[in-house]
Amino acid sequence: MTTEELSEDYWNSFYAERDQVWSGEPNVVLVDEVSDLTPGHALDLGCGEGADAIWFAQQGWTVTGVDISSVALGRAAQHAQDAGVSDQIDWEQHELGQSFPSGSFDLVSVQFLHSKTELPRDAILRRAAGVVAAGGVLLIEGHMGFPPGEHNPHPDIHFPTPDEVISGLDLVEGEWETLVSRVHDRAQVMRDGELINRRDCTVKLGRR
Ligand SMILES: C[S@@+](CC[C@H](N)C(=O)[O-])C[C@H]1O[C@@H](n2cnc3c(N)ncnc32)[C@H](O)[C@@H]1O
């Protein structure tokens, strides 16, 4: 099996373990950071079960939602149909280290694109920056560590700081404006109902 097939297998099994993995609600920081943008064409990389993409569509965006997992994408498409927004969303399956959706986008959103399998995250984020249209926004939300009590299964999994995310993008100087670059805490309800604190980071960049 290739590393890409291993990743697809891992994520399909991850999703297939439960009927629904995520809450079905859009990510809180994303709602805060996107609500004041004028809707256009959005790209959601690692869209999972589609809650963010569906929320974008409900705000008037047309959306391309991308994930490696066909199981997650199947659920996302069903949820979009239930929400009456399927006409506004294209779902595409990509292993983003290998292939990428075509086009340019007014908003590229990357929410918690982390994996316990091999993931060329920096290269994917660079490519994500490359498809932001002039005047568009790149929004990257990431964890700063595993949840309390969960240990790093691979010591090489690194959670970058906002500065590391930005420097990894290799942006052309003068072409981008840093709108948000911060580490923050967020309350998260776990599947067993336990309330925990997650430390996350937000990077929001505007392309001039
Ligand atoms: C931690 S989940 C986050 C899901 C969603 N963005 C959210 O915030 O709820 C990471 C997502 O990235 C996807 N993913 C992981 N590696 C990927 C890759 N190489 N290419 C495309 N999607 C990938 C997974 O299938 C999963 O849906």
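The values are calculated or read from the model by the stated rules, or taken from the named source; none is laboratory data. Values in this document were obtained by computation on a predicted structure and should not be read as measured data. So basically every Cβ, Gly included, is an ideal-geometry build from the backbone, and we count neighbours across all protein chains shown.
If we scan region 57-66, do we find a residue that is within 12 Å of the ligand (Cβ to nearest atom) and not in a loop (DSSP other than H, G, I, E, B)?
Yes, region 57-66 contains at least one residue that is within 12 Å of the ligand (Cβ to nearest atom) and not in a loop (DSSP other than H, G, I, E, B).
Taken together, ASP90, ASP19 contain a single residue that is among the charged types (D, E, K, R), touching a Pro at 6+ places or on another chain (Cβ under 9 Å) and more than 9 Å from the ligand (Cβ to nearest atom), which is ASP90. Among the residues of region 23-52, those that are assigned to a helix (DSSP H, G or I) and within 9 Å of the ligand (Cβ to nearest atom) comprise LEU30, ALA51, ASP52. Taking region 188-208 as the range and being of a type in the set (D, E, K, R) and either in a loop (DSSP other than H, G, I, E, B) or out of contact with any helix residue (DSSP H, G or I) (no Cβ under 6 Å at 6 or more places or on another chain) (or both) as the test, the residues that pass are ARG191, ASP192, GLU194, ARG198, ARG199, ASP200, ARG207, ARG208. Note on region 67-110: residues that are surrounded by fewer than 20 Cβ atoms within 10 Å (Cβ to Cβ) and part of a strand (DSSP E or B) total 3. Condition check: surrounded by fewer than 21 Cβ atoms within 10 Å (Cβ to Cβ) and either modelled with pLDDT of 95 or more or of a type in the set (Gly, Ala, Ser) (or both). Does ALA128 satisfy that? No, not satisfied.
For ASP156, the stated conditions do not hold, so it cannot be described as over 21 Å from GLY65 (Cβ atoms), modelled with pLDDT of 95 or more and assigned to a loop (DSSP other than H, G, I, E, B). Number of residues in region 1-22 that are of a type outside the set (A, V, I, L, M, F, W, C), in a loop (DSSP other than H, G, I, E, B) and touching a helix residue (DSSP H, G or I) at 6+ places or on another chain (Cβ under 8 Å): the value is 1. Counting only residues that are within 16 Å of the ligand (Cβ to nearest atom), within 30 Å of GLU194 (Cβ to Cβ) and not hydrophobic (A, V, I, L, M, F, W, C), region 122-174 holds 12 of them. In this structure, ASP170 does satisfy being exposed (fewer than 12 other Cβ atoms within 10 Å of the Cβ), modelled with pLDDT of 95 or more and within 20 Å of the chain's Cα centre (by Cα).
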